[in-house]
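A short worksheet on the structure shown next.
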Amino acid sequence: MLQSKFFGKTLREPPKDETSFNAKLLSQAGFIDKLTAGVYSYLPLGLRVLIKIQDIVRKEMNDLGGQEIYMPALQPQELWQETGRWDSLKKIMFQFAGRGDKEVGLAPTHEENVVDIVRKRLNSYRDLPLLLYQIQDKFRNEPRAKSGLLRGREFNMKDLYSFHTDKEDLDEFYQKAITAYQNIFNNCSLDSMVVEASGGVFTKEYSHEFQVPTPFGEDEIIFCKSCNFAQNTDICKLKEDNKCPKCGQKLVKTKAIEVGNIFKLGSKYSQDMKLVYVDENDSRKEVVMGCYGIGPSRLMGAVVEVFHDDKGIIWPANLSPFDVHLLLLSDNNVKSNRAKKLYQDLTDQGWQILFDERKLSPGVKLNDADLIGITLQLIIGEKTKDRLEYKLRDGSQEGTVKESEITNLLEKIYSSKKVN
């Protein structure tokens, strides 16, 4: 892609009405555009990253045995009245009158919808376990939509719903889901912790959150460095420096960003919505459920909160919107032709290249490259002679390389970053 033709220009300054790093940098670098508080458009750069995150999530859900579906956001009042959540979620659910004075709402979550689908089709215990998931936008009337993609009123969500014959089968799958979630965060280069948290409006049991420790997080967690004890401060009755209830070591408090959550729903929705199956003795029994959420859009914001510096974003290789940012920093015709040929050769090999051939100063181009944060920068300038400069955006490697060595360099960088 030629950068002169690429839609979504960088801004000289970040938007003044944004406070979080992810909102400032993603807006300034041309990844997103704010429509209103908590609602963003994804420009070409942003959509490329979002799709990469979705693909990482989708692979793990498919590997778990999940089957992808797609449910509507617009839902009737009657469905939500079955569980009593039309009234209990009024503060966060967008509700309004539709045609014929029928009340409808925009789904903040999809338990009711998925149970309605399954109860029409489920018969025997032989149909279980069943794993259905979707990747779709959700809507919540968030009172504090001030953290960019971390807390939106419209946001992208992957929600998986599992249906089981009994609690034991749910417990077994729940552990598999934890492993799958950890794989997702590892493939996004995030170090996550499994943290006990409130079940909120979903369940009376503790749920589990996946939290990424960072000074820029909105949540606070209490955890032990010596064992796996970790709780959100919303439920934790212990304080920092107290003894860990599991191993006796001192507890630590840190800020963190929640990047996923999972819940054991039990039979709540089965009871409310009459979701049953027939067991091997021809008895009717309630289905046991779990739900598992990851917001790809929130995950994108979290990655930027963790991976940035004073120059801009630093994308992990798995999420980089392009493989290479090729920068032409010379007006010399020979250099220009060389850059064009290299761009075409690498593109023909299947690499994704953003080629900055704009007639702007080297300083502007280099600043834009650091702001956008593509993993690898290749530079053709007056100083490079018959070689090219290269630089990894995270600062871990830089130097010069022959054109004949570029493919090997790319393969070395990206083979170690492939999604597992």
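Check Gly312, Gly301, Gly295 and return the single one that is small (Gly, Ala, Ser) and over 17 Å from Leu190 (Cβ atoms). Reasoning before the result, please.
Details: Gly301 fails: over 17 Å from Leu190 (Cβ atoms); Gly295 fails: over 17 Å from Leu190 (Cβ atoms).
Just one listed residue meets the conditions, Gly312.
Among Lys341, Lys391, which is the only one that is modelled with pLDDT of 95 or more and surrounded by fewer than 14 Cβ atoms within 10 Å (Cβ to Cβ)? Talk me through it step by step, then tell me what you get.
Numbers: Lys391 fails: surrounded by fewer than 14 Cβ atoms within 10 Å (Cβ to Cβ).
It is Lys341.
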Exercise for the section: For segment 360-388, enumerate the residues that are surrounded by fewer than 14 Cβ atoms within 10 Å (Cβ to Cβ), at pLDDT below 95 and within 24 Å of Leu2 (Cβ to Cβ). Expected result: Glu382, Lys383
Practice task
Evaluate segment 363-372: report whether one residue or more is among the small types (Gly, Ala, Ser), under 30 Å from the mean Cα position of the chain (by Cα) and within 30 Å of Lys24 (Cα to Cα).
Solution key: yes
Practice task
Only one of these is within 30 Å of Ser283 (Cα to Cα), surrounded by 14 or more Cβ atoms within 10 Å (Cβ to Cβ), over 26 Å from the mean Cα position of the chain (by Cα) and in contact (Cβ under 8 Å) with a residue 40 or more places away in the chain: Leu122, Leu131, Leu160. Name it.
Solution key: Leu122
Exercise for the section: Read through the list (1) surrounded by 21 or more Cβ atoms within 10 Å (Cβ to Cβ); (2) over 15 Å from Gly373 (Cα atoms); (3) out of contact with any strand residue (DSSP E or B) (no Cβ under 6 Å at 6 or more places or on another chain), then give the number of the only condition that Tyr40 fails. Expected result: (3)
Exercise for the section: State whether the residues of segment 60-80 include one that is more than 18 Å from the chain's Cα centre (by Cα) and on the phi > 0 side of the Ramachandran plot. Expected result: yes
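Conditions (1) assigned to a loop (DSSP other than H, G, I, E, B); (2) in the same structural domain as Leu128 (by TED's automatic domain parsing); (3) surrounded by 20 or more Cβ atoms within 10 Å (Cβ to Cβ); (4) in contact with a helix residue (DSSP H, G or I) (Cβ under 8 Å, 6 or more places away or on another chain), marked per residue:
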site	(1), (2), (3), (4)
Asp169	no, yes, no, no
Tyr181	no, yes, yes, yes
Glu209	no, yes, yes, no
Glu220	no, yes, no, no
Lys253	no, yes, no, no
Ser270	no, yes, yes, yes
Fill in the blank from the handout: Exactly one of Lys91, Lys52, Lys59, Lys16 is out of contact with any strand residue (DSSP E or B) (no Cβ under 6 Å at 6 or more places or on another chain), surrounded by fewer than 19 Cβ atoms within 10 Å (Cβ to Cβ), closer than 25 Å to Gly301 by Cβ and in contact (Cβ under 8 Å) with a residue 60 or more places away in the chain, and that one is Lys59
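The values are calculated or read from the model by the stated rules, or taken from the named source; none is laboratory data. Keep in mind that what you see is a predicted model, and the values were worked out from it rather than measured. When we count neighbours, we look across all protein chains shown, and the Cβ atoms used for this are built from the backbone with ideal geometry, even at glycine.
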